[in-house]
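Report on one structure; see the data block that follows.
The values are calculated or read from the model by the stated rules, or taken from the named source; none is laboratory data. Since the model is a prediction, treat every value here as computed from it, not as a measurement. Quick reminder, even Gly has a Cβ in these numbers, built from the backbone with ideal geometry, and neighbours come from all protein chains shown.
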């Protein structure tokens, strides 16, 4: 056992892998945004503190919304550089956590980006179930928090078995959206994603969603995804 331990130490000392290393100044970055932005750019500085050249392989990210880039892939001993990362926020809200994996011929590095995005809007509840005997109209409330006042531009139900209308609860900030089952006793299950298009005071157009279900498959465990339909979606355009 002692001989094996000595052998491992010698291997680490004289192997190029044991003497090559990229050291990142920080492996986790956390951003607390005070307003919504389309994207954020961050940098992860690093240095080759070893005695051998280090080559970086293909960098991967945990989301297609992120791009990581280096201006070169090979770093001599003492070389310093910066890994640049762009995270496209889009319409994401709340805490976001993403992983960047940097494989090298001297080991693999994992970097983390945490971004706390302020809530732009909240829809409650997100899922409405229409089940006998309760087949009457049901409602959700959408509340906006950023860049007020907000104007509703349109409501689209992906299944024409449902129609959706809106009314104002708080001018420019909160709206009641009421879903109506067109046929009170449809012969087949109905599943709809409702697209809620809005425009902020700055002119930014966003889309939020909530979900409608009717029939024997109307259970909370069903993933909220619209079923393919050959019939056109029902859309309501709202006057600005």
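Find the residue count for segment 175-190, including only residues that are within 29 Å of the chain's Cα centre (by Cα) and modelled with pLDDT under 95.
1
Might you check whether a residue that is surrounded by 14 or more Cβ atoms within 10 Å (Cβ to Cβ), within 30 Å of residue 30 (Cβ to Cβ) and either touching a strand residue (DSSP E or B) at 6+ places or on another chain (Cβ under 8 Å) or in the same structural domain as residue 34 (by TED's automatic domain parsing) (or both) occurs anywhere in segment 185-194?
No, there is no match, as no residue in segment 185-194 is surrounded by 14 or more Cβ atoms within 10 Å (Cβ to Cβ), within 30 Å of residue 30 (Cβ to Cβ) and either touching a strand residue (DSSP E or B) at 6+ places or on another chain (Cβ under 8 Å) or in the same structural domain as residue 34 (by TED's automatic domain parsing) (or both).
Which ones in segment 132-158 are modelled with pLDDT of 95 or more, under 16 Å from residue 184 (Cα atoms) and not in a strand (DSSP E or B)?
Correct list: 137 only.
Test residue 150 against the criterion of being at negative phi, crowded, with 18+ Cβ neighbours inside 10 Å and without any contact (Cβ under 8 Å) to a residue 60 or more places away in the chain, and give yes or no.
yes
Residue check, residue 119 against (1) over 15 Å from the mean Cα position of the chain (by Cα); (2) farther than 15 Å from residue 58 by Cβ; (3) modelled with pLDDT under 95, all met but one. Which one?
Result: residue 119 fails condition (1) only.
For segment 161-174, check the following and say yes or no: at least one residue is modelled with pLDDT of 55 or more, assigned to a loop (DSSP other than H, G, I, E, B) and touching a strand residue (DSSP E or B) at 6+ places or on another chain (Cβ under 7 Å).
yes
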